[in-house]
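**Q** Submitted below is the structure of interest, expressed as structure tokens.
The values are calculated or read from the model by the stated rules, or taken from the named source; none is laboratory data. The structure displayed is predicted, hence computed values, not measured ones. Heads up, the Cβs are rebuilt from the backbone with ideal geometry, glycines too, and the neighbour counts pull from every protein chain shown. To get the accessible areas, we keep the full protein, side chains included, count just its heavy atoms, and leave off ligands, DNA and RNA. Shrake-Rupley method; radii C 1.70, N 1.55, O 1.52, S 1.80 Å.
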Amino acid sequence: MRRPRGEPGSRAPRPTEGATCAGPGESWSPAPNSMLRVLLSAQASSARLSGLLLLPPVQPCCLGPSKWGDHWPPGGGPHAGPVQGLQRLLEQARSPGELLRWLGQNPTKVRAHHYPVALRRLSQLLGSLPQPPPVEQATLQDLSQLIIRNCPSFDIHTIHVCLHLAALLGFPSDGPLMCALEQERRFRLPPKPPPPLPSILREARPEELTPHVMVLLAQHLARHRLREPQLLEAIAHFLVVQEAQLNSKVVQKLVLPFGRLNYVPLEQQFMPCLERILAREAGVAPLATVNILMSLCQLQCLPFQALHFVFSPGFINHISGTPHALIVRRYLSLLDTAVELELPGYRGARLPRRQQVPIFPQPLTTDRARCKYSHKDIVAEGLRQLLGEEKYRQDLTVPPGYSTDFLLCVSSCGSVLPVRAQDPFLPYPPRSCPHATRDPAQRVVLMLRERWHFCRDGRVLLGSRALRERHLGLMGYQLLPLPFEELESQRGLPQLKSYLRQKLQALGLRWGPEGG
């Protein structure tokens, strides 16, 4: 009998996080090479390695028995038939009482995904009316008990949604509902990273150290955000020793984890080696060349000679009309921004203005994939209640193309100003406007530092995140980081508002009647 989707035993591929990893919907599995197994499992069993590369089985979201037992009806999935009909009834409920009656009267049709639907509809009903109808506390307690009893079967997305909606509805942060959901959320947190691996290259035979193996190792470290110094140093040493045999297409993959993981190797010949490879290979593989420079840009180690080459008219004309012309121009635009902000001593060629494009026209791939786990929605609600909707902008992209989570305009005396009445952008490039009228308003950017913005150890920002924050600061934006550890410790919306108030007041900001 075929196993329905979502039942125990099925496996799902991990979403990709980088250009060198498997594509969407593909699983990643290394070639059966003994050297890779030695490198990745010096202190880990093969089962632990499998746990790194594969998702655990997806558990079905089924609450209680149904008339079909443990299987879905023929031709129907988990949301088919009566179950889908119940969802429509919940979404169309006209009062809190009607909403809760649908849940109470249909126990065999209720599934895990119905509870966030009910909470969201309850929030809409209570928020859309100037004088919301009274809801009996006993009825809310019944709903709370239903969720508490069944939340062990919720997936992590359902738990996050229920936590946010329950906080917005005013359920007490130390009450049984919030505590139960928070406990289930913590049970589902990813495990702590394995301890640093020992020096393990001596366990391998020299003939097994091939470029293919080292590329697989580099991709594994980059994909899983594993900032393992000894393995990274081994890759750097391999690159230096094998310099003459490596082309730029292989080098771009070996260099990828250093930029992504924000790690400058101790190997003294690492940078001179890369400069020689770039000088030798720059005209052969344009995309590989700019990929290497992108990794070095994250490490603040850009070589002037290579920059002069990729900004030359010959290189730009060479890539025009090629399939990867747009992505190369986007990378060149970011490199030009790095030159403008971080290399005042550079006097070589620059990217012509007509060739420049926005650096990041869309949110990063990892943010799009994990938006349902982000704290952005509840922080936005906290700012809305604290400051008012007119006092901040969300998801604004500022020149030359960096996204901001939340942006405030602040007067010289510290008053938070209505953003719509101000120009939210600071001039770019900043050095091109020395005699312009100085705008007295400051721009404060609240930056969410989510768990996946860091290497797996949770202490070092990924290279792309550190680059964005560094450049925004150099352009004149005042940054206010909101680390995930602090956000996760706030139980409910009232605590979060108090946390945001303290953060903003620590910068000297004022708002409300007394703040203008």
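**Q** Filter region 491-516 down to the residues that are within 26 Å of the chain's Cα centre (by Cα) and without any contact (Cβ under 8 Å) to a residue 12 or more places away in the chain, then identify the one that is farthest from E340 (Cα to Cα).
**A** That would be S498.
**Q** Looking at region 242-261 only, could you name the residues that are modelled with pLDDT of 95 or more and not charged (D, E, K, R)?
**A** Within region 242-261, V250, V251, Q252, L254, V255, L256, P257, F258, G259, L261 qualify.
**Q** Does R443 satisfy the criteria of being over 20 Å from G512 (Cβ atoms) and within 18 Å of the chain's Cα centre (by Cα)? Step through it out loud before you land on a result.
**A** Details: over 20 Å from G512 (Cβ atoms): yes; within 18 Å of the chain's Cα centre (by Cα): no.
Judged against the criteria, R443 is not a match.
**Q** Among the residues of region 466-477, which ones are farther than 25 Å from F258 by Cα and free of Cβ contacts under 8 Å to residues at least 60 places away in the same chain?
**A** G476
**Q** Only one of (1) small (G, A, S); (2) out of contact with any helix residue (DSSP H, G or I) (no Cβ under 7 Å at 6 or more places or on another chain); (3) under 24 Å from A466 (Cα atoms) fails for A244. Which number is that?
**A** For A244, the exception is condition (3).
**Q** Taking D457 as the residue in question, decide whether it is at pLDDT below 95, more than 15 Å from the chain's Cα centre (by Cα) and open to solvent by less than 60 Å² (accessible area, probe 1.4 Å). Break it down stepwise before answering.
**A** Values: at pLDDT below 95: yes; more than 15 Å from the chain's Cα centre (by Cα): yes; open to solvent by less than 60 Å² (accessible area, probe 1.4 Å): yes.
Considered against the rule, which asks whether it is at pLDDT below 95, more than 15 Å from the chain's Cα centre (by Cα) and open to solvent by less than 60 Å² (accessible area, probe 1.4 Å), D457 comes out as yes.
**Q** Go through region 312-328 and count every residue that is open to solvent by 20 Å² or more (accessible area, probe 1.4 Å) and either in contact with a Cys (Cβ under 8 Å, 6 or more places away or on another chain) or part of a helix (DSSP H, G or I) (or both). So that I can check it myself, show each step before the final result.
**A** Residues of region 312-328 that are open to solvent by 20 Å² or more (accessible area, probe 1.4 Å), as a first pass: 312-314, 317-318, 320-324, 326-327.
Now narrow it down to the ones that are either in contact with a Cys (Cβ under 8 Å, 6 or more places away or on another chain) or part of a helix (DSSP H, G or I) (or both): 313-314, 317-318, 326-327.
Matching residues across region 312-328 total 6.
**Q** Let me ask something additional. Checking L467 against (1) aliphatic (A, V, I, L, M); (2) at pLDDT below 95; (3) part of a helix (DSSP H, G or I), which single condition isn't satisfied?
**A** L467 satisfies all of (1) aliphatic (A, V, I, L, M); (2) at pLDDT below 95; (3) part of a helix (DSSP H, G or I) except (2).
**Q** Looking at (1) closer than 25 Å to L332 by Cα; (2) in contact with an Asp or Glu (Cβ under 6 Å, 6 or more places away or on another chain); (3) not aliphatic (A, V, I, L, M), which is the only condition H237 fails?
**A** (1)
**Q** Would you check if Q490 is assigned to a helix (DSSP H, G or I) and within 24 Å of Q183 (Cβ to Cβ)?
**A** Numbers: assigned to a helix (DSSP H, G or I): no; within 24 Å of Q183 (Cβ to Cβ): yes.
In short, no.
**Q** Same structure again: Scan region 127-161 for residues that are at pLDDT 70 or above and under 19 Å from G97 (Cα atoms) and report the count. Walk me through it before giving the result.
**A** From region 127-161, those at pLDDT 70 or above are 140-161; that's our starting set.
Imposing the further condition that a residue be under 19 Å from G97 (Cα atoms) reduces the set to 140-147.
Of the residues in that region, 8 qualify.
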